[in-house]
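This report refers to the structure that appears directly beneath it.
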Amino acid sequence: MSDKEHIKKEMKKLASQIESHNYKYYVLDEPTVSDKEYDDLLKKLTELEEKFPALADVNSPTQRVGIKLPSGTKTVRHRAKMYSLDNTYNIEELRKWHDRVLKGAGAKEVTYMAELKIDGLSAALLYEKG
């Protein structure tokens, strides 16, 4: 087996594992791996796709958030796109994120407020008349 075939096989294996975990998490509400383990799989696939873009699959789980919802699931169109947040597992990643925030905001200083993460919950609220 050539290196190219081996890498493509590894990418397919990672994508399959991620899809399986997505189904267990989003549909069954029965995750079988920790968030960190899941993120490590996703990171490994992302790194392979960046290193070997010609081998990347357009249907890769790195190209979307979550999975296709079961039929009959009620959806809502948001006024503004809701983005997925990146994960940070060490101080160096946090510093890099902070630098991107400063650059994006065109600022020399920003203030943060941090709260505990509630996993699996997203909300976009629009208040009208108070």
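The values are calculated or read from the model by the stated rules, or taken from the named source; none is laboratory data. None of these values were measured; they are calculated from a predicted model. Methodologically, a virtual Cβ is constructed for each residue, glycine included, from the backbone with ideal geometry; neighbour enumeration extends over all protein chains shown.
Name the pairs: first residue in segment 25-37 and part of a helix (DSSP H, G or I), second residue at pLDDT 90 or above, Cβ to Cβ under 9 Å, at least 6 apart or on different chains?
Tyr25/Pro31; Tyr25/Thr32; Tyr25/Val33; Tyr25/Tyr38; Glu37/His21
Does Ala80 qualify as being exposed (fewer than 10 other Cβ atoms within 10 Å of the Cβ), modelled with pLDDT of 90 or more and over 28 Å from Ser34 (Cβ atoms)?
So Ala80 does not fit the description; no.
Answer yes or no as to whether Arg64 is without any contact (Cβ under 8 Å) to a residue 40 or more places away in the chain, surrounded by 10 or more Cβ atoms within 10 Å (Cβ to Cβ) and under 28 Å from Tyr26 (Cβ atoms).
yes
Taking segment 85-106, which residues are exposed (fewer than 10 other Cβ atoms within 10 Å of the Cβ), modelled with pLDDT of 80 or more and not in a helix (DSSP H, G or I)?
Asn90, Gly106
Go over the candidates Glu19, Glu49 one by one and state the one that is of a type outside the set (Gly, Ala, Ser), touching a Pro at 6+ places or on another chain (Cβ under 8 Å) and more than 29 Å from Ala114 (Cα to Cα).
Working: Glu49 fails: touching a Pro at 6+ places or on another chain (Cβ under 8 Å).
None of the others qualify; the one that does is Glu19.
Filter segment 90-127 for residues that are in contact (Cβ under 8 Å) with a residue 40 or more places away in the chain and of a type in the set (A, V, I, L, M) and give the result.
Ala124, Leu126
Would you please name the residue that is modelled with the lowest pLDDT, looking only at residues in segment 27-43 that are over 13 Å from the mean Cα position of the chain (by Cα) and hydroxyl-bearing (Ser, Thr, Tyr)?
Going through the qualifying residues, I end up with Ser34.
Is at least one residue of segment 44-56 at pLDDT below 90, of a type outside the set (Phe, Trp, Tyr) and under 19 Å from the mean Cα position of the chain (by Cα)?
There is no residue in segment 44-56 that is at pLDDT below 90, of a type outside the set (Phe, Trp, Tyr) and under 19 Å from the mean Cα position of the chain (by Cα).
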